[in-house]
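Take a look at the structure below.
The values are calculated or read from the model by the stated rules, or taken from the named source; none is laboratory data. These numbers were taken from a predicted model, which means no experiment stands behind them. Glycine also receives a Cβ, built like all others from the backbone with ideal geometry; neighbour counts cover every protein chain displayed. All accessible areas refer to the heavy atoms of the entire protein, side chains included, with ligands and DNA or RNA removed. Shrake-Rupley method; radii C 1.70, N 1.55, O 1.52, S 1.80 Å.
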Amino acid sequence: SFLLLLMLVNSSALFAEEMTPAENCIAGDSGVGSVECLKKIYKALNQELDQLNQAVFSSLEERNRKDTITVIHYDYALLAFKRSVLDFKLYRESGCNTFTYYSGGVASGYQQQLYKCLISQTEVHNQFLKKILELK
């Protein structure tokens with residue numbers, strides 16, 4: 001019986017390590033507490049998103065100054081990037097609202113679903129922007 005207890009404790013610890021920060025918020029806090037936790041993660045990811053957007057813009061400016069890309073490519077890239085910033089925010093909001101309403105969650109369950117989706121979408125987009133920055 002001690003061995004069984006030890007196995008359960010170890011598997012619980014392993015499971016906790018595999019959970020995402022968002023899942024840890026939901027598992028570790030009450031309804032309202034979990035939403036506050038999720039909002040903090042989302043806020044931090046949005047700050048990272050803003051920094052990455054600025055880094056891409058700065059990198060694009062640098063590529064233009066160094067003549068790494070032509071003026072036409074710079075103009076099109078700048079226009080496309082500015083548009084992508086707005087499009088992503090609209091896509092993220094409408095996509096996550098669709099997902100959340102579709103899930104049928106209510107009260108804190110609704111907000112948990114919404115913020116999990118917003119977090120997930122922002123994480124993916126942040127990784128995309130990091131890949132762009134690797135193209136130097």
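Figures for the structure shown
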{"item": "In segment 121-136, the residues that are without any contact (Cβ under 8 Å) to a residue 60 or more places away in the chain and either surrounded by 12 or more Cβ atoms within 10 Å (Cβ to Cβ) or within 12 Å of the chain's Cα centre (by Cα) (or both)", "result": "Gln121, Val124, Gln127, Phe128"}
{"item": "Criterion violated by Leu118 - all others in (1) in contact (Cβ under 8 Å) with a residue 12 or more places away in the chain; (2) farther than 16 Å from Leu49 by Cα satisfied", "result": "(2)"}
{"item": "Boolean, Val35 is touching a helix residue (DSSP H, G or I) at 6+ places or on another chain (Cβ under 8 Å) and either among the charged types (D, E, K, R) or at pLDDT below 95 (or both)", "result": "yes"}
{"item": "Candidates Tyr91, Tyr102, Tyr76, Tyr42 - the one that is in a helix (DSSP H, G or I), at pLDDT below 95 and not aliphatic (A, V, I, L, M)", "result": "Tyr102"}
{"item": "Tyr74 farther than 23 Å from Met19 by Cβ, open to solvent by less than 80 Å² (accessible area, probe 1.4 Å), over 17 Å from the mean Cα position of the chain (by Cα) and among the hydroxyl-bearing types (Ser, Thr, Tyr)", "result": "yes"}
{"item": "From Asp29, Asp87, residue being of a type in the set (Asp, Glu), without any contact (Cβ under 8 Å) to a residue 12 or more places away in the chain and surrounded by 15 or more Cβ atoms within 10 Å (Cβ to Cβ)", "result": "Asp29"}
{"item": "Flag for Glu62 being in contact (Cβ under 8 Å) with a residue 24 or more places away in the chain, acidic (Asp, Glu) and assigned to a helix (DSSP H, G or I)", "result": "no"}
{"item": "Of the criteria (1) exposed (fewer than 13 other Cβ atoms within 10 Å of the Cβ); (2) touching a residue at least 24 places away in the same chain (Cβ under 8 Å), which one Cys96 fails", "result": "(1)"}
